[in-house]
Amino acid sequence: MKNLDSVFAAYVIGWGVFFLFYLTIAKRTSNLRAELERLKNSLPRAK
Amino acid sequence: MTKRIILGAIAILLVIAAAYAAFFIAPEERTMGLIQRIFYFHVSSAWSGFTAFFLCFLGNLLYVWKRDRKYDWLAVSGAEVGLAFTTVVLITGPIWAHPVWGIWWTWDARLTSTFVLWLLYVSYLLLRTLVDEPDRRALLSSLFGIFAFLDVPLVFGAIRWWRTQHPQPVIMGGQGSGLDPTMKAVFFFSALAMHVLMLFLVAERYALEQMQTETEFLTREVEAQ
């Protein structure tokens with residue numbers, strides 16, 4: 001099983017990059033959702 | 001939202017199946033052995049990255065033509081997702097190269113043009129952070145994005161037009177090139193799985209950009225009152 005560590009590393013790091021990228025999208029979405037909620041709540045008060 | 005969840009679930013299942021096929025169904029390559037199995041992940045990530053950059057290019061062209069913000073959302077989504085896929089290509093390539101070539105990296109035409117591609121799309125995203133006005137930001141980044149895409153055919157053709165350290169193409173490589181039929185089937189299945197994953201990520205990123213525009217609009221409304 002020569003180079004098993006390299007193959008394992010390539011797949012794990014690759015999936016790690018995709019997973020981290022997805023996490024950043026999910027985090028930004030969650031922050032924006034909270035911000036949107038805050039803005040929507042402040043609109044009637046402004047009126 | 002539900003459609004995106006279903007697409008995400010399909011992407012995960014396909015990607016798991018593709019990894020299984022790469023390890024347990026594809027035959028072992030005679031000269032390189034186990035390390036060749038990186039090929040299924042590396043090349044299919046590269047192809048998916050190219051498709052994501054093409055979506056960005058399409059969004060850029062359509063924005064310049066129609067000036068509709070939704071095309072700018074498509075463009076930035078394609079750019080970010082393409083960059084993630086190209087990052088994976090630039091990581092998995094050297095991991096394959098080290099045991100095979102004895103070096104991690106060389107400045108040949110394919111590797112250099114891929115690195116330049118990565119830098120171009122990092123610049124595209126940086127440019128967007130420098131312009132506050134949304135329409136101006138969309139137009140400037142569209143023009144830059146159209147220019148950046150010119151590197152994609154260069155990356156694709158580099159191993160066909162010039163002699164490189166990077167292996168010659170085994171898919172669409174002309175006479176004398178090719179893959180074992182099982183390897184070819186596993187490769188195309190991996191490419192399909194990675195494309196579904198890419199589309200899922202573009203859809204998620206597009207929804208985020210849509211929400212961002214809504215937030216900007218509401219912020220202006222609140223500030224105006």
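All of the numbers you see were taken from the coordinates with simple rules; none came from a lab. The model shown is predicted, which means the values in this text are computed figures rather than measured ones. Quick reminder, even Gly has a Cβ in these numbers, built from the backbone with ideal geometry, and neighbours come from all protein chains shown.
Relative to the longest principal axis of chain B, what angle (0 to 90°, nearest 10) does the C-alpha long axis of helix B:181-224 take? Helix B:181-224 sits at roughly 10 degrees to that axis.
Could you list the residues of region B:63-106 with an amide nitrogen less than 20 Å from a label point located 7 Å from the Cα of B:Asp135 in the Cα-to-C-beta direction? B:63-76, by backbone N distance to the label point. What fraction, in whole percent, of alpha-carbon pairs in region B:58-109 exceed 16 Å separation? Across region B:58-109, Cα pairs with separations above 16 Å total 58 percent. The per residue volume of the convex hull around the alpha-carbon atoms of chain A is 33 Å³. Spatial offset of region B:95-174 relative to region B:1-56 amounts to 20 Å, using the alpha carbon center of each. Estimated from helical segments only, the mean residue ellipticity of the protein assembly as shown at 222 nm is -28500 deg cm²/dmol, where each DSSP H run of four or more residues counts as -39500 (n - 2.57).
For chain A versus region B:194-213, the inter-centroid distance based on Cα atoms is 11 Å. Relative contact order, whole percent, for region B:100-203 stands at 27, derived from Cα pairs under 8 Å and 6 or more residues apart. Report the local net charge at B:Phe115: Lys and Arg +1, Asp and Glu -1, summed over other residues whose C-beta lies under 14 Å from its C-beta. Value of the local net charge: -1.
Counting Cβ atoms of other protein chains within 10 Å of each residue's Cβ and taking the mean over peptide A:23-29 gives 4. Summarising the overall dimensions of chain B from its C-alpha atoms, the Rg and Dmax are 19.5, 71 angstrom.
Computed with the Debye formula from one identical point scatterer per Cα of the protein assembly as shown, without solvent, the log10 of I(q)/I(0) at q = 0.11, 0.15 Å⁻¹ comes to -0.67, -1.13. Each 5 Å bin from 0 upward holds the following percent of the Cα-Cα pairs of region B:10-86: 3, 16, 17, 16, 13, 11, 9, 7, 5, 3, 1.
Simple rule: put +1 on each Lys or Arg Cβ and -1 on each Asp or Glu Cβ in chain A, find the dipole, and look at A:Leu4, A:Ala26, A:Trp15; the Cα lying farthest toward the positive end is A:Ala26.
Taken over region B:151-225, the alpha-carbon convex hull comes to 121 cubic angstrom per residue.
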